[in-house]
Amino acid sequence: MQRPCLEVADIFREHGPAWREAQRGHLSLAQLKVMSAITQCRTAALGGHVLRCEGCGTEQVSYNSCRNRHCPKCQSSAAQRWLDARQADLLPVEYYHVVFTLPAPIADIAYTNKAAVYGLLFDMAAEVLQTIAMDPKHLGARIGATLVLHTWGSALTHHPHVHGIVPGGGLAPDGTTWLACRPGFFLPVRVLSRLFRRRFLEELLRLHQAGRLKFFGEHARLVDAAEFRAWLAPLRRIEWVVYAKRPFAGPQAVLAYLSRYTHRVAISNRRLVAMDDHGVHLRWKDYRAKGRTRYKTMTLSPQEFMRRFLLHVLPGGFHRIRHYGLLANGSRRADLAKVRQALQVEPKPAAQDAVALATP
């Protein structure tokens, strides 16, 4: 594969040292570690090994990867290992793609409360999907879901949202019958949106009451309980963006999609065009535009590029891929066996040997 002409590492190497010095005290230890890892990835700084051709004796030095989950160069192999383990989980049913997005005001406070707010985003999205699916008015079944966190928009801005990959049906309360969704229709997004808004705001208020939220700068006043309640009030009246895309074209299309989404970082090296005296030029998609005009090129100063990239560094130990319901790690094998029995399909040969890899 041809190496991109420009990489994130190149920008960090050329402009990172001076910017780090200028930002002294304003970058977290996690952000500094990401900068260091990406800069050193596949260089002599991390060591390496020599590959020798037994035929002609030609030697080639191969340097080690940093394996940081925010590094654009280190995710393809991790994604492939994860997908190999997920092969055995596929079911012969329709799969749906649902997206839950946080409104901009909450995204603003999420940046300084990443573990708490991102975790709440995961839990409320999963709870809402399972609650509405269990309602006999909609499906009346226990479902499973894989949720993937993305915190960025195409322009590298802070835009927290979760992508849900959900089988189109679930187990009936008796645990032996598979109840399928109507063809081409999962669950009503308006109902999902309203419940998601209510439950998220309820739990966000509980986090505030428990003293688990921190506020700085223009949001410092939200430490006060009355101020926080007043700040929440308008968020109860706006529409929260929850949408469902068309079902995938078969289970294998799900894996193809996951291979692009599970281990994606804020920007891939392929989207970088060039770096010159004017700044860093990168491709982005403007979702407000239509057709070919969606695809554009923007220019950011190296400092602004690094700032935006580092907005998306996750807290240490925070899992950005999580499984719920029938796909929950603790009971996945037993639940999927029940599902296959209800669907009257044989388990895949690899199902007994699939290893549940650690979720990044």
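The values are calculated or read from the model by the stated rules, or taken from the named source; none is laboratory data. Everything quoted here is computed from the prediction, not taken from an experiment. Counting neighbours? That spans all protein chains shown, and the Cβs are built from the backbone with ideal geometry, glycine included. Heads up: the accessible areas ignore ligands, DNA and RNA and are worked out on the full protein's heavy atoms, side chains in. Shrake-Rupley method; radii C 1.70, N 1.55, O 1.52, S 1.80 Å.
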*In a shell of Cβ-Cβ distance under 13 Å around K338, excluding K338 itself, what net charge do Lys and Arg (+1) and Asp and Glu (-1) give?*
+2
*the chain, helix-only ellipticity at 222 nm - DSSP H runs n ≥ 4, -39,500 (n - 2.57), divided by all residues, nearest 500*: -11000 deg cm²/dmol
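Around L192, what is the net charge, scoring Lys/Arg as +1 and Asp/Glu as -1 over all other residues with Cβ under 14 Å from its Cβ? If you can, show how the numbers build up before the last one.
Values: positive: K137, R190, R194, R197, R198, R199, K245; negative: E127, D135, E239.
Net of charged neighbours comes to +4.
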*Would you work out which of A110, P92, H138 lies farthest towards the positive end of the dipole of region 62-140, given +1 charges on the beta-carbon of Lys and Arg and -1 on that of Asp and Glu, about the Cα centre?*
A110
*Please list, in chain and number order, the residues 5+ apart from G169 or on another chain whose amide H is under 5 Å from its amide H, with Hs placed from the backbone.*
C181
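When the accessible area of the chain is computed with all protein chains present and a 1.4 Å probe, what percentage of it is carbon and sulfur? Kindly include the intermediate steps, with their values, before the conclusion.
Details: 9810 of 18620 Å².
Roughly 53 percent, rounded to a whole number.
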_Cα gyration tensor category, rounded, prolate or oblate, for region 178-297 with a/c compared to 1.5_ = oblate
*asked:* Given axes a ≥ b ≥ c from the Cα gyration tensor, I'd like to know whether region 141-232 is rounded (a/c under 1.5), prolate (a/b larger than b/c) or oblate.
replied: prolate
*K33: which aspartates and glutamates have alpha carbons under 15 Å from its alpha carbon, excluding same-chain residues fewer than 8 sequence positions away?*
E21
_Using the Cα centre of the chain as origin and beta-carbon charges of +1 (Lys, Arg) and -1 (Asp, Glu), tell me which of F12, M35, V273 is placed farthest towards the positive end of the dipole._
V273
*With springs connecting C-alpha atoms under 10 Å apart, model the chain as a Gaussian network and identify which of L27, L51, L90 has the largest mean-square fluctuation.*
L51
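Magnitude of the Cβ-charge dipole of region 108-247, K/R +1 and D/E -1, about the Cα centre, nearest 20 debye? Mind dumping the intermediate values first?
Details: 18 positive and 11 negative charges, 59 e Å.
The dipole magnitude comes to about 280 debye.
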*State in Å² the accessible area per residue of the chain; use a 1.4 Å probe, count heavy atoms of protein chains only, and round to the nearest integer.*
52 Å²
*Per-residue ³J(HN,Hα) for region 271-282, Karplus 6.51 cos²θ - 1.76 cosθ + 1.60, θ = phi - 60°, Hz, x for Gly and Pro*: 7, 7, 8, 6, 9, 9, 5, 7, x, 9, 9, 9
*Compute the Cα gyration tensor for region 1-66, then decide on rounded, prolate or oblate, letting a ≥ b ≥ c be the square roots of its eigenvalues: rounded whenever a/c is under 1.5, prolate when a/b is larger than b/c in the other cases, and oblate in all that remain.*
prolate
*Candidate aspartates and glutamates - alpha carbon under 13 Å from K296, same-chain residues fewer than 8 apart omitted*: D286
*Pop out the ³J(HN,Hα) list for region 236-247 in order, Karplus 6.51 cos²θ - 1.76 cosθ + 1.60 with θ = phi - 60°, rounded to Hz; leave Gly and Pro as x.*
7, 10, 8, 7, 9, 7, 10, 9, 10, 8, 4, x
_Springs between alpha-carbon pairs under 10 angstrom, Gaussian network model over the chain: which of L258, L187, L29 fluctuates most?_
L29
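If you place +1 on the Cβ of every Lys and Arg and -1 on the Cβ of every Asp and Glu, how big does the dipole about the Cα centre of the chain come out, in debye to the nearest 20? Intermediate results must be reported in sequence, preceding the final value.
Details: 50 positive and 27 negative charges, 127 e Å.
Rounded to the nearest 20 debye, it is 600 debye.
Tell me the net charge near L27. Cut-off is 11 Å between Cβ atoms, L27 excluded, with +1 for each Lys or Arg and -1 for each Asp or Glu. Don't skip to the answer; put the middle values down first.
Numbers: positive: R20, R24, K33, R307; negative: E21.
Here the count lands on +3.
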